Structures are given as C-alpha cells and as structure tokens.
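Read the structure below first, then the notes.
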Amino acid sequence: MTTMTLPVVPESAQSATGEATHVAPVAAVSPLLGTYKRAPMPIVRGEGVYLYDDADKAYLDFASGIAVNALGYNDPQLMQVMRDAMATGLIHTSNLFRTLPGEALAQLLVDRSFASSVFFCNSGAEANEGAFKMARKWGRSMSPDKTRLVSLRGAFHGRLFATLAATDRVAYQAPFMPLAPGVSISERDLTDLDAALDAATVAGVIVEPVQGEGGVRVIDAGLLHELRALTAERKIALIFDEIQCGLGRTGTLFAYEQTGVVPDMVTMAKPLAGGLPMGAVLMNGDIAAVMAPGDHGTTFGGGPFVASVALHVVQRLADPALLAHVTTTGQWFGEQLHALARRTGRVRAVRGVGMMWGMDIVEPAGGVVARALEAGLLILSAGDYTLRLLPPLVATRDELTRGLDLLGGVLQ
C-alpha cells in the first residue's frame, strides 16, 4: 500500500480577514484515496495570483487549479457574490423547481453564443457524457444505427466510461477495459476523419479547439472548417470541448469564436463557477428538440448557489476589457516564452494562445515541475516532456515576468 506523509497543519490559522479559524490537523497518512500524486504541503489560503502553504510560503500560481481559478484568489467581488448567495438560504432546491439564478445564467450563455438551450451539471466529464448522450439521441432520431462517437488523437475528455473511451491515453484506459463501445479515436487529419465519419453510423465528433492534456496543441482552423463542412453534410453533431480552453482563456469568451466555426454543442466547466463544481452543455435548437423530460438529469447541476456565482463569473469573463487583456498580454507572454526557449536552449517548441501555453522540453517534465514547486512556482505537465502554463486571466505583466524568471531558473 502506498502512503504519503504530510506536514501537520496548525490547529489554528488566520483567515483572509485575519480572524482565527480552527483547522483540523492533517493525519500523517492521508485517508484520501491515492488517485492523485499530491504535493506534500497543504495549501491553506490564496491571495491574487499567489497560494500559501501552512508555513506561509508563497507560490506564484501558473496552474490556476488546472484552468479553474481564472479570477485568481480572494477576489473581493466574487467573495461578496458568494456571501450574498448564501444569505438567500437557497443552497439547493433540486431541478424539480425553477430558480432565477440558473435561468439567468442560461439566458446569458444563450445570448452570448450560438446555443438555444443549456444543460447544467457538476463537472467537465459530466458535461461531455451528457453531450454524448444528446448527440446519440439526435443521431438515433434519424437512424437507429447512427450512434457512434469519434474523438481526435491527443484528446482528453474525462475519466468516466464514455469520456474515457474518447480520451487518447492507453495508460488511463487499460485498467478499466472493456471501454464503452461505439467510441473511436481518429488522427488529426482530414483524410482519416473523412474515413472515420461515416454518415450512416456516426452521431457525433468531439474536438478540443486547443488540446490541453494533449500537449497544448491548437487545432488548425482550416482543419476545423473542413470538419464542420463534413459534419454538416453528413448530419453529424460537431461538439467542441471547451472545458479547459473556453471562458476567456484564449482571449474570447468561447474558443470557437476564434476559429470561424460554429459547432452544434459546446461543453464547459473548470472556471465556470469560480472554483465551485459546475459544468454545462450548450446546444443548438435541433439537438435540444429531441431531448425530452427524463432523458437526462442531475441532482445538483445548476443549483441556485453555484448558478449565482457562475452568473457573476461569466459576466466578468465576458468583459471586453478582460478579454483584451488576455489577448494582448497572452501574445506578449508567448513572445517571452519563445525568448526564454532561445535563451535556455532547453526548450524544443512553444505552443499556445491567450493564457494557455505549452513548452516541449528536453528533459522529463515531472522534474521541472518539482523544481518549480521548490522555487515557489506552480506549473503543470501535459505529457512526459511538455510543461503547461495556465496563469489566472487577471495576472499582470509584472506577475508573469516574475514567473518567467522563476521558470528560466528551474529550466537551467
């Protein structure tokens, strides 16, 4: 049995307001199931773009909780919205009743996108599973054989059964064979996609406009245009997985806006509710029309508390000033990463857009991630030799420069 020794958190610590709060000690051996290789230090608070451990060591966050904390930490407006939402006494009502925050959030997403309807759930994997079901029912409305789903090489869509089958990671899939049937993976190539997308049997194809776990790979807009033409002609639902790359991270509210392609569905999660668990499926009218009461459901999805917070977050992430900041600062950040690559000689390639960047390096990524942690910089990997950088969208150039300096040091 593998165990992990953790430092003991003091039984009292200070909250963000300076008040003493009780924190239970952390056990020497964690009772949490070991599905994650967690860093050894507990994170106890956050401020701006920094996280702090129980020894008050600061960590500049270039991970954003894996693209979740787009507004950073302890954002005053976000914290106030949470307090106001709690004051209503409505944390949960179930989806047997209407709630104003959920309907307002859905209307905002419809108004800002191609969609006619929205389904709320609790995570990105749930959103993709829901999109698969919707695509399959839409396909079956045309033919009982039109049920298959296709994803792309390098994809990551989740670890539930259908999403795992669509995720291009043999190591993730192997322990859980047999996978969900009717799901296949195609090369990122028009010839292969043309062969895979059989009009008689395929209901949907799912694509990340910018692959995250797959190495921060920006899918060519030309390929997406050709894929849109194929799927429209063959009546195949085109699903964009924007769980990591959506909601402002590329410089537009939705990543599809930069491609010139309008999908049939978009799945979202990560930053949607400011760190609270929430996912969403946006869909066009044709797909919405085939879904009936009882076809899909969720106990907690779109509840009044999380929807109130998400409404505020989406409004903030849709702010033209913030999106302009992500665009211009993200372009500058990419230029600095290219310069860092030339300066260190330790980087083989730099890819990305907005505040989502990957660097292929000449050594295993895990070692660099560990050295960065020691230096006070939080970064991620995206494959064995790729670093992934996902700063909060509100990060300033000064804060990004500090992170670049730290990254340059650990690369050397």
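The values are calculated or read from the model by the stated rules, or taken from the named source; none is laboratory data. A quick note: this is a predicted structure, and the numbers were derived from the prediction, not measured. Heads up, the Cβs are rebuilt from the backbone with ideal geometry, glycines too, and the neighbour counts pull from every protein chain shown.
Could you tell me which of the residues V207, V202 is of a type outside the set (S, T, N, Q), under 20 Å from the mean Cα position of the chain (by Cα) and either modelled with pLDDT of 95 or more or surrounded by fewer than 14 Cβ atoms within 10 Å (Cβ to Cβ) (or both)?
V207
Does at least one position in region 218-235 carry a residue that is assigned to a strand (DSSP E or B) and either surrounded by fewer than 22 Cβ atoms within 10 Å (Cβ to Cβ) or outside the structural domain of V281 (by TED's automatic domain parsing) (or both)? Within region 218-235, one or more residues are assigned to a strand (DSSP E or B) and either surrounded by fewer than 22 Cβ atoms within 10 Å (Cβ to Cβ) or outside the structural domain of V281 (by TED's automatic domain parsing) (or both). Counting the residues of region 192-208 that are touching an Asp or Glu at 6+ places or on another chain (Cβ under 7 Å), of a type outside the set (S, T, Y) and in a loop (DSSP other than H, G, I, E, B) gives 2. Of all residue pairs spaced 6 or more apart or on separate chains, those with beta-carbon atoms under 6 Å, a first member in region 164-190 that is under 24 Å from P144 (Cβ atoms) and a second member that is assigned to a helix (DSSP H, G or I) and among the charged types (D, E, K, R) are S186/D192. Being in the same structural domain as P101 (by TED's automatic domain parsing) and buried (at least 22 other Cβ atoms within 10 Å of the Cβ) is a description that applies to V309. Among the residues of region 349-374, how many are more than 18 Å from the chain's Cα centre (by Cα) and within 30 Å of A324 (Cβ to Cβ)? Selection size over region 349-374: 5.
All of L164, L149 fail the test of being outside any helix (DSSP H, G or I) and over 17 Å from A289 (Cβ atoms), apart from L149. Of all residues in region 102-145, those satisfying the criterion of being buried (at least 24 other Cβ atoms within 10 Å of the Cβ), out of contact with any helix residue (DSSP H, G or I) (no Cβ under 8 Å at 6 or more places or on another chain) and of a type in the set (A, V, I, L, M) are A127, A131. Based on this model, can you work out whether L393 counts as without any contact (Cβ under 8 Å) to a residue 60 or more places away in the chain and crowded, with 21+ Cβ neighbours inside 10 Å? So L393 fails the test.
Against the test of being on the phi < 0 side of the Ramachandran plot and more than 22 Å from the chain's Cα centre (by Cα), the options L387, L393, L377, L407 yield a single qualifying residue, L407. Hey, any hits in region 70-91 for a residue that's of a type in the set (S, T, N, Q), crowded, with 20+ Cβ neighbours inside 10 Å and in contact (Cβ under 8 Å) with a residue 12 or more places away in the chain? No: zero hits.
When region 335-358 is filtered for residues that are of a type in the set (D, E, K, R) and either buried (at least 18 other Cβ atoms within 10 Å of the Cβ) or at positive phi (or both), only R351 remains. Considering region 127-175 alone, what residues qualify as being under 18 Å from the mean Cα position of the chain (by Cα) and β-branched (V, I, T)? Scanning region 127-175 gives T163, T167. Listed conditions (1) more than 30 Å from I379 (Cβ to Cβ); (2) free of Cβ contacts under 8 Å to residues at least 12 places away in the same chain are all met by G301, apart from (2). Counting only strands (runs of 3 or more DSSP E) that sit completely within region 1-88, those holding 2 or more residues that are at pLDDT 95 or above correspond to 43-47, 50-53, 58-61. Could you list, in sequence order, the residues of region 191-223 that are without any contact (Cβ under 8 Å) to a residue 60 or more places away in the chain and under 22 Å from V266 (Cβ atoms)? L193, A196, L197, V205, V207, E208, P209, Q211, D220, A221, G222, L223 - these are the residues of region 191-223 that are without any contact (Cβ under 8 Å) to a residue 60 or more places away in the chain and under 22 Å from V266 (Cβ atoms).
One residue alone among G279, G285, G274, G251 is out of contact with any strand residue (DSSP E or B) (no Cβ under 9 Å at 6 or more places or on another chain), in contact (Cβ under 8 Å) with a residue 24 or more places away in the chain and not β-branched (V, I, T), and that residue is G274.
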